1. Filter region 42-61 down to residues that are more than 14 Å from Asn94 (Cα to Cα) and open to solvent by 20 Å² or more (accessible area, probe 1.4 Å), then give me how many there are.
2. Could you list, in sequence order, the residues of region 87-116 that are more than 21 Å from Asp43 (Cα to Cα) and not in a helix (DSSP H, G or I)?
3. Scan (1) surrounded by 16 or more Cβ atoms within 10 Å (Cβ to Cβ); (2) at pLDDT 95 or above for the single condition Ser65 breaks and write down its number.
4. Quick one: would you say Ala17 is modelled with pLDDT under 95, of a type in the set (A, V, I, L, M) and under 30 Å from Thr112 (Cβ atoms)?
5. Looking only at residues in region 95-113 that are more than 9 Å from the chain's Cα centre (by Cα) and crowded, with 17+ Cβ neighbours inside 10 Å, which one is nearest to Leu67 (Cα to Cα)?
Amino acid sequence: RNRLMSAEDPPASPAAAAALFPASARPADPPAKVVVLLKATGDAPILKQNKFKISAHEKFEKVVSFLGAQLGKKQIFVYLNSAFTPRYDETVANLYEWHGVEGKLVVNYATTPAWG
């Protein structure tokens with residue numbers, strides 16, 4: 001039975017996929033490590049080392065734990081891009097893919113609530 005190929009049909013071969021979706025249009029492989037930039041907010045102390053790399057497969061909870069240990073605080077408030085608190089069980093790779101800025105995952109931190 002002959003029918004026209006639609007956008008939902010998978011390409012017949014890797015060569016056909018490459019012709020349909022050039023390299024510039026395909027998503028890049030996720031990085032193995034993600035650069036995290038920590039920015040103090042409000043009365044939070046500024047860290048001497050505010051930038052580090054973490055394995056992309058790690059959960060965001062590990063970033064929060066590291067930050068709490070560096071600050072010597074049990075309770076800290078963290079935000080991505082000065083806007084919202086992500087789920088702690090989300091992977092760093094996903095957060096970077098969705099909210100990364102200029103090659104970094106920007107994490108604002110505070111000792112008291114800063115944003116809604």
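1. Qualifying residue count, region 42-61: 11.
2. Result: Arg87, Tyr88, Asp89, Glu90, Thr91, Gly100, Val101, Glu102, Gly103, Lys104, Leu105.
3. In the conditions (1) surrounded by 16 or more Cβ atoms within 10 Å (Cβ to Cβ); (2) at pLDDT 95 or above, Ser65 misses (1) alone.
4. no
5. Filtering first and then ranking leaves Tyr109.
The values are calculated or read from the model by the stated rules, or taken from the named source; none is laboratory data. No experiment lies behind these values; they were computed from the predicted model shown. Cβ atoms come from the backbone with ideal geometry, glycine included; neighbour counts cover every protein chain shown. All accessible areas refer to the heavy atoms of the entire protein, side chains included, with ligands and DNA or RNA removed. Shrake-Rupley method; radii C 1.70, N 1.55, O 1.52, S 1.80 Å.
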